[in-house]
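To start, the structure itself, in structure tokens.
The values are calculated or read from the model by the stated rules, or taken from the named source; none is laboratory data. Quick caveat: nothing in here was measured; it's all calculated off a predicted structure. FYI the Cβ positions are ideal-geometry reconstructions off the backbone, even for glycines, and counts take in every protein chain you see. For the accessible areas, the whole protein counts, side chains as well, though only heavy atoms, and no ligand, DNA or RNA atoms are used. Shrake-Rupley method; radii C 1.70, N 1.55, O 1.52, S 1.80 Å.
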Amino acid sequence: MLGRRSVRSPRTLAAPVPAMPFAAATVALLMLTGCGGEPVDAATPAPHGSATFGRDRAALVLTAFDQADSAASVAGDVEALRAQEVSPSLDLSIAAARRAAYNQRAQPSFQHINPVFAVPPGDPSCFLATATLRLTGSELAPTDVSQFVLGADGQWKLSHNVQVTQPSLVVARSIDGRPATAGGAALDETSRRALAAEVFSRSIGSTTGNRSLVVSSPLLDGQFAGGWEVYGQQLAGVGGAVQRTMDRAEWSDCAVAVPTGTLTFLTIHATDTLRPAPGGPATVRLEPQSPDLIATGHLKAVSGKSIRVTRVETFVLLVPAQTVGTSVLGLNDTALSVTAG
């Protein structure tokens, strides 16, 4: 269920924090979506034991995914989404379905147009795709980058999907025909740790001290970090405070070397802890219209001496050969759970 994910700045108060529009969008909701075509088996298992899995086979997987996942998205059918996606993409899709239900409107159907692929050689367990998104009823035509992974049951599912910014379209499409690297071995562990730490720090308006590691961008340093700042200000206005910590970082199974670096996905799992500010009220409270409560399926307010919000953030990165100067091409963010303490 691509087409309906919103990318919004961290926020959980009753008053909405300004959203973080991606690419050409100038509205709060970021819709990520997927491509249709002739009927094929919805999961399109890979031909294990052969070296025939290439662009044509990947295109069949994408076509089948679009047909099944688009229908599940429009219907808001979470179980059908589970048949097509795995986390972190599935987490974003479920949150989007909940937002659509809360707003009492269906998500648009979608289709991937003019896709290009990066497939590992041989008998792959993952592949990457970049395509233009056609959304029913929308004049916008954003571009996204997706990763599909092969499950133990032989079924392909979407694992990552991020829309990229307009200046990143050429880079995103430059994956066309290039062999992907499977097994997450594209970057060494030292680089991974440093990049994850800096991306996370920058997402909350801070830095690890190595700011040159990730280039400044309106998306990361403006919209995302700016949304976090507004969120803190809103909480302070009602006597609360929030702290965000990174729980763990994960890198995508597939990555691909392009002329300007390595294109890969970074997923960060984080926790927001809300507490009363010193001298403030005894408890903190999230109202039912809080975006994070809507995303996690809560229908009533949540209050307590503290509130923990777990969330997942997905970034598509372009990492140069020397790591320094990494670019954030696009990102997603959603709450996963809300718990009062």
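Among residues of segment 36-59 being among the aliphatic types (A, V, I, L, M) and surrounded by fewer than 16 Cβ atoms within 10 Å (Cβ to Cβ), the one that is modelled with the highest pLDDT is Ala51. Within the set Val324, Val309, Val316, the sole residue that is in a loop (DSSP other than H, G, I, E, B), within 30 Å of Ser146 (Cα to Cα), among the hydrophobic types (A, V, I, L, M, F, W, C) and out of contact with any Lys or Arg (no Cβ under 8 Å at 6 or more places or on another chain) turns out to be Val324. Restricted to segment 312-333, and to residues there that are open to solvent by 10 Å² or more (accessible area, probe 1.4 Å) and touching a Gly at 6+ places or on another chain (Cβ under 7 Å), the residue that is nearest to Met246 (Cα to Cα) is Leu318.
With respect to (1) more than 19 Å from Ala225 (Cβ to Cβ); (2) open to solvent by less than 10 Å² (accessible area, probe 1.4 Å), the lone exception for Val309 is condition (1).
A quick yes/no check of all residues on (1) touching a strand residue (DSSP E or B) at 6+ places or on another chain (Cβ under 6 Å); (2) surrounded by 15 or more Cβ atoms within 10 Å (Cβ to Cβ); (3) free of Cβ contacts under 8 Å to residues at least 24 places away in the same chain:
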position	(1), (2), (3)
Ala80	no, yes, yes
Glu85	yes, yes, no
Pro88	yes, yes, no
Ala96	no, yes, no
Phe127	yes, yes, no
Gly137	no, no, no
Asp144	yes, yes, no
Leu158	yes, yes, no
Gln163	yes, yes, no
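One residue stands out among those in segment 165-195 that are open to solvent by less than 40 Å² (accessible area, probe 1.4 Å) and of a type in the set (Val, Ile, Thr): the one that is nearest to Cys254 (Cα to Cα), which is Ile175.
Which residue is modelled with the lowest pLDDT, if the candidates are limited to segment 98-125 and must be more than 20 Å from Gly76 (Cβ to Cβ) and open to solvent by 70 Å² or more (accessible area, probe 1.4 Å)? Don't jump to the end; show me each part of the working.
The initial filter retains those residues of segment 98-125 that are more than 20 Å from Gly76 (Cβ to Cβ), namely 112-125.
Of the ones still in play, those that are also open to solvent by 70 Å² or more (accessible area, probe 1.4 Å) are 114, 121.
Values: Asn114: 96, Pro121: 92.
Within segment 98-125, the match that is modelled with the lowest pLDDT is Pro121.
Does Ala295 satisfy the condition of being among the small types (Gly, Ala, Ser), open to solvent by less than 10 Å² (accessible area, probe 1.4 Å) and modelled with pLDDT of 95 or more? Answer is yes for this residue. Criterion applied to Arg193, Arg178 was being more than 18 Å from the chain's Cα centre (by Cα), of a type in the set (Lys, Arg), in a loop (DSSP other than H, G, I, E, B) and modelled with pLDDT of 95 or more, and the one residue passing it is Arg178. A Cβ distance below 9 Å, combined with a sequence gap of six or more or placement on separate chains, defines the contacts here; from segment 274-299, residues that are without any contact (Cβ under 8 Å) to a residue 40 or more places away in the chain and small (Gly, Ala, Ser) reach residues that are surrounded by fewer than 21 Cβ atoms within 10 Å (Cβ to Cβ) and not in a loop (DSSP other than H, G, I, E, B) in the pairs Ala282/Pro276.
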